[in-house]
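Data first, discussion second: the structure below is written as structure tokens.
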Amino acid sequence: MTALVMLILVTLLTFANSSPDALVFDDKAFVGPEPLVQLDSFSHAFTEDLWHNRSGLYRPLLLVSFEFQNRLFGSWLRGYHLVNIFLHLAATLLLFGFLRYLLISSSQNTRRVDLVALLPSLVFAVHPAHTEVVNSVFNSSSIFVSIFTISGLWWLLSRLEPKPFQAWAGLGLCYSLAILFKESALVIPGIAVAFVILLTEGDIEQRIRRMLPVFWLLIPIAIFFWARAI
């Protein structure tokens, strides 16, 4: 509990100045009282590219999230930034939980698990590389990818042995959602394979057999590229 409280406080204090009553750069095009890119309906997000100008970027769930925020916050610009801050906090807490799970799973000594999981989570929380992501409403896509990546991998590893179908199905759902926020999520199957090979028990043959269902993730990849193409 102490580790969680510390993580929450440090994350929120670090980005306490990241909710100005202003929008800059690409944010102005998607959120605020007069966004340049607007949706006629939520389904419209799935029939257009990101900029509505054949840019080749297909991020329908990002557009849906912007539409929700526009309806919720309107001209209250600070609200859009607060969403980003709390999304980053959610990703940080998920990372802490996932690292803690990995440490408990791989070691009998759990005395310092919270501390060992806390340190890299704190680095993640305050790392300067996240400044632009948290400060820019448009870049929330990267935070959503982080959330679904960590959630999917945690689900996969926690259920892989007793319920492999459920494990891969859960990862597939997280993966399908993540790629509809940003294309960088396409690397998730490769990360999943690496985790299964490196972190599960058994000889190399058993580990390879365990990761073979990853090829089912070619289905959401194919659907994504088909939808983007049309």
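The values are calculated or read from the model by the stated rules, or taken from the named source; none is laboratory data. Computed from a predicted structure; not experimentally measured. For neighbour counting, all protein chains shown are included, and Cβ atoms are generated from backbone atoms with ideal geometry for every residue, glycine included. Just so you know, the surface numbers come from the protein's heavy atoms only, side chains and all, with ligands and any DNA or RNA stripped out. Shrake-Rupley method; radii C 1.70, N 1.55, O 1.52, S 1.80 Å.
Classification of the range 99-230 by its C-alpha gyration tensor yields an oblate form. The axis ratio a/c (a ≥ b ≥ c) is 1.5 or more, and b/c is at least a/b.
Solvent-accessible area assigned to carbon and sulfur over the chain amounts to 66 percent, based on a 1.4 Å probe.
Our summary gives the chain a relative contact order of 21 percent, counting only alpha carbon pairs under 8 angstrom and 6 or more residues apart. The relative contact order of the range 48-159, computed from alpha carbon pairs under 8 Å that lie at least 6 residues apart in sequence, is 27 percent. Helices in the chain, meaning DSSP H runs of at least 4 residues, each add -39500 (n - 2.57). Divided by all residues, the mean residue ellipticity at 222 nm is -20500 deg cm²/dmol. Debye-formula intensities of the chain, expressed as log10 I(q)/I(0) at q = 0.16 Å⁻¹, are -1.16 (one equal scatterer per alpha-carbon, no solvent). Sequence-ordered 3J(HN,Hα) estimates for the range 195-209 from the Karplus curve with 6.51, -1.76 and 1.60 and θ = phi - 60° stand at 5, 5, 5, 8, 10, 8, 8, x, 6, 5, 5, 5, 5, 5, 4 Hz, glycine and proline given as x.
Over the chain, accessible surface divided per residue gives 55 Å², non-protein components excluded, 1.4 Å probe. Measuring nothing but how far apart in sequence close Cα pairs (under 8 Å, 6+ apart) lie, relative to its length, the range 95-222 scores a relative contact order of 17 percent. Remark: the Cα gyration tensor places the range 56-100 in the oblate category, a/c being 1.5 or greater and a/b not exceeding b/c. Electrostatic tally near E132: other residues with Cβ closer than 13 Å to its Cβ, Lys and Arg +1, Asp and Glu -1, net -2. Here, P(r) means the percent of Cα pairs in each 5 Å bin from 0 to the largest distance; for the range 115-154 it is 6, 21, 21, 28, 17, 6, 1.
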